[in-house]
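What follows is a short report on a single structure.
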Amino acid sequence: MIEWTLEILATRYAYALMFILMGLGMYMMIANQNLVKKLIGVNLFQTAIFLFFVAIAYVEGGSAPIVPAEGGESVASPLPQVIVLTAIVVGIALTAVGLALIVRIHAEYGTLREDTLREVRADE
Amino acid sequence: MSNAELLPPLLIAMPILAAVVPIALGLWFDRTGWSVAALTTVGLFAATAYLASAVRTADDAQITHVLGGWNEPQGIGIELVADPFSTLIALLVTVIAASLLAYTRAGGPRGNAFYTGYLLLVGGLLGILMTGDVFNMFVFLEIVGLATYAMISSGDGPESAVAALKYLILGTVGASLYLIGVGFLFMATGALNMEVLGEAIPQIADEGGSDLTLLRAAFAFVFVGFALKVAQWPLHAWQPDAYQHAPDGITPLIAALVSTVYAYALGRVMFTVFGVEFMATTPYLQEIVVTVGAVSVLAGSTLAVVQQDVKRMFAYSSVSQFGLVIAAYGSLTETALVGAVIHLIGHGVMKAGLFVAAAVIALSYGARSVDEYAGLAENRPLAAGSTAVLLVALIGIPPSAGFVGKWYIAVGAIEAELWPIAGVIFLSTMLTLAYAARLLEKMYFTPATPVESAHPPGVATDGGLLTGSDRMERGSPDAVSLGMLVLLVGIVVAAVLLGFAGGAFYEWLEPFTSEVFN
C-alpha cells in the first residue's frame, strides 16, 4: 500500500500537486471572510485546473509543439495548451466582473468582510 | 453548402455582434438599445424557425457546420450541430427572449448597456445549444455565466450585487468542475467532439481498465458541475438570492432560460457523449442521479412552502422542477427523456409567466410577499387570473404544460421500474399544491388590507415612473403597459396549449431519442 502510494506520487506528482492547489483554492473560497481573498481563491482554483491541463499535455522528452517539428521527434500535445489559453481569457473576464461587483459592494456597505456584511444587511 | 448549414454559426454570431451596436450607437443616441434588441431577437426567432424546418427535412435529422472547414479525423475541430433536441430548446430561448422585451420596454431596466448584456446572454445560450464540442460548451457556459452575473447585478439595490457575487463564485466553481471533467474525457479518449466521444466511450466501457476509471471520474466532475449550475439540492444556495434580487424584468429571462439551457447541456453530455450504455453499466450511477433529482424535488418544494417572498418561493420551486428533469434523465428510458424535454419547455414557459406576473403585480399593486397578495383578485383581476392559471399549470392539472411533462416522466419511470420516482412526482404535486394554494387563497379569499406595502413599488426597476408623490394607494395600474398584459396573456395561453402538444413533441424528438436508445 505504502509502496503503491509512493510509486503513484513519484510518477504522477504533478497531478497530486494540482489537486492540492485546487483544494487550497476551494478552502480560501469557503473559509476566508474577505471578499477579495475569496476571489483570489477562485483564481487559484482555476489556475490549478489550467496547470492540470498542461500536465496532461506533457510528453516525456518531447519538445515544444512548434511547426515544423524537427524530424521524428515527439512533441508535447498542443491542444490542451490552446484550451488553457482560452480558459485563461475566460478566467480574466470572470475576475474583472467579480472585482467590479466587489467595488460596488464596498461602495454601498463600506466593508469587504463577509461577516460584517451579514451584520450590516441584517440591520437594514 | 446549403443555406441552413450557415444558420448555426449565424445564430451565435448575430446576437454577439449586435450586442456591440447599442454601446456604439449610445455615443450619439440615448435609447437605441431596445430597438436593436427587438430587431435582433425577432430575427433570431425567424432564423431558428427556418433551422427547425431544415432539421426536420434533413436526412439524419441534423445540420452540421464545421467551423473553419477543419474536418480533423480525431474529432478536435469544432463543430456546430443543430438536431431536434437543440432546435426545440433554441425555439424556446428565442421566443422568450423576443417576447420579454414587451415587458422591459416600459418596465425597465433600461439603458444601452443593459441591452448589450441581454444580447450577449442570448448569444451565449444559443452557443451552448448549437455547439457539438465539449470544450466549446465550457466557453459558452462562461459567456452565459458572465452575462447572467451582470444582468443580476443591474438591479437597483446593493443586495443584487451581493447576490451576483455569490452566484459568480459558485457558478465559476460549477463551470470549473465541468472543465476538469472535460480534461479527464480528453485524457481517456483524445477527442473533444461530442459525436466522436459518443462512439469512443462505449468501446472504452467494454475494454475497462484505467481509461474507464478516467471516464467515471469525468462523469462525476461533469455531473457535480452541472448540478451546481442547474441548482440541485444541496448546491442550490445561490439561486433564491439571485432570482429574488435580480431586476423584475430580468428574472423571467434568467429563470426560464439560463437554468433550462444548463439542464439541456447536462442532458446533451449525458446522452450524446456518455451514452445510455455507459450510464446503465456504471455501478450506482443511475441511483445517484435519480437520488439527486428526487431529493431536489422534495427539498425544493418543501422550502418553497415556507417562503414569504413570492419571487423567492418561485425560485425554490425551480429547484424542485429541475430535480424532476434530472430524475427523468436518470431513469434512462425513451419516454422519460421525452418527458424531461417537455417538462423543460413547459417549465420554461410557466416560470417565465409566473415571474412576469410577479413583476406586473409588484409594479401595479406593490405586492411582493405572500401576505401582500391579499385581495389581488378583486383589484387586479387579470394579473391574479393569469397567476392562478399558471400556478394550476405548475401543479400539473390537465390540460397544461406541467401535466404532460410529469405524465411522460411518470410513465417512463414506471417503465424503468423506478417506483420511487413515481412516488416523488406524486409528493411533489402535493407540495406544489401546498405553496400554490397559499397564494391562491390570499389572492381570492382574503380581503385586501389597508396596510401600506413594506416595499415601495418600482423599487427594483429604474423606470422612474413611480415616484412617491404620484403613486396611488397600492401601486399604480397605469405603470402596466399594454405590452406587458399581452405578454402575460400570451404566456398563459401558451402554457395551456402546450398541454395538448405532448404527442407532437414525442414525434419531433423521435430522431434524437431513437439515436440515443438505438
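The values are calculated or read from the model by the stated rules, or taken from the named source; none is laboratory data. Bear in mind that the values here come from a model prediction, so they are computed numbers and not experimental data. FYI the Cβ positions are ideal-geometry reconstructions off the backbone, even for glycines, and counts take in every protein chain you see. We work out accessible area using only protein heavy atoms, side chains counted, and drop any ligands, DNA or RNA first. Shrake-Rupley method; radii C 1.70, N 1.55, O 1.52, S 1.80 Å.
A simple spin-label model places pseudo-atoms 7 Å from Cα toward Cβ; at residue A:66 and residue A:4 they are separated by 4.4 nm. For the protein assembly as shown, the solvent-accessible area of protein heavy atoms averages 39 Å² per residue (probe radius 1.4 Å; ligands and nucleic acids excluded). Each listed q (0.09, 0.13, 0.18 Å⁻¹) maps to a log10 I(q)/I(0) for the stretch B:258-378, found by the Debye formula over equal Cα scatterers with no solvent: -0.32, -0.59, -0.92. Over every Cα atom in chain B, the radius of gyration and the widest Cα-Cα span, Dmax, amount to 22.2, 75 Å. Taking amide H positions as modeled 1.01 Å from N, with prolines and chain starts lacking one, the residues under 5 Å from residue B:446 and 5 or more places away or on another chain are B:375. Across chain A, Cα-Cα distances exceeding 24 Å account for 49% of all pairs. Between the stretch B:131-187 and the stretch B:296-337, the C-alpha centres lie 21 angstrom from each other. Note on the protein assembly as shown: the alpha carbon radius of gyration divided by the globular reference 2.2 N^0.38 Å gives 0.95. Stokes-Einstein diffusion for the stretch B:239-295, with the hydrodynamic radius set to the Kirkwood value over Cα pairs and evaluated at 37 °C in a medium of 0.692 mPa s, equals 244 µm²/s.
Among complete DSSP H helices in chain A, those whose alpha-carbon atoms stretch at least 27 Å along the helix's long axis and whose mean Kyte-Doolittle hydropathy reaches 0.5 are A:35-57, A:78-109. Normalised by the number of residues in chain A, the average gap of Cα pairs under 8 Å and 6 or more apart makes the relative contact order 22 percent. When both the stretch B:47-118 and the stretch B:391-419 are represented by their alpha-carbon centers, they are found 28 Å apart.
Projected over all directions and averaged, the alpha-carbon convex hull of the stretch A:1-53 occupies 4.0 nm².
What's the center-to-center distance, using Cα atoms, between the stretch A:1-60 and the stretch B:493-511 in Å? Answer, in whole Å: 47. In chain B the longest region clear of chymotrypsin sites (Phe, Trp or Tyr not before Pro) that are loop-assigned by DSSP and have at most 10 other C-beta atoms within 10 Å covers B:285-518. For the protein assembly as shown, lysine pairs separated by 8 or more sequence positions, or belonging to different chains, with Cα-Cα distances below 20 Å total 11. The slack in the chain from residue A:75 to residue A:118, taken as 0.36 nm per residue of separation less the alpha-carbon distance, amounts to 10.2 nm.
Using C-alpha pairs below 8 Å separated by at least 6 residues, the relative contact order for the stretch B:265-383 is 23 percent. On a per residue basis, the convex hull of the C-alpha atoms belonging to the stretch B:26-112 measures out at 136 Å³. Dividing the Cα radius of gyration of the stretch B:1-75 by 2.2 N^0.38 Å, with N the residue count, gives 1.42. The H on the amide N of residue B:131, modeled in the peptide plane, is under 5 Å from the matching H of B:81, each at least 5 residues off or on a different chain.
Across all directions, the shadow cast by the convex hull of the stretch B:127-222 built on its C-alpha atoms averages 6.3 square nanometres. With loop membership from DSSP and a limit of 13 other Cβ atoms within 10 Å, the longest segment of chain B without GluC sites (Glu not before Pro) is B:1-416. Rg over Rh for the stretch A:71-124 works out to 1.43, using Cα positions for both radii and the Kirkwood form for Rh. The convex hull drawn around the Cα atoms of the stretch B:33-192, when projected onto a plane and averaged over every direction, covers 10.7 nm². Two numbers describe the Cα atoms of the stretch B:200-290: Rg and Dmax, which are 16.1, 53 Å.
Helix screen, chain B: DSSP H segments with Cα axial length of 24 Å or more and mean Kyte-Doolittle hydropathy at least 0.5 are B:33-57, B:84-107, B:112-130, B:134-152, B:159-189, B:210-230, B:285-305, B:310-331, B:334-365, B:419-445.
First measure r as the distance between the Cβ atoms of residue B:445 and residue A:16, then evaluate 1/(1 + (r/R0)^6) with R0 = 60 Å and state the FRET efficiency to the nearest 0.05. For R0 = 60 Å, the calculated efficiency reads 0.40.
Both chains summed, the buried accessible area for B and A stands near 2900 Å², from protein heavy atoms and a 1.4 Å probe.
Kirkwood hydrodynamic radius of the stretch B:345-458, from the reciprocal of the average inverse Cα-Cα distance over all distinct pairs: 15.2 Å.
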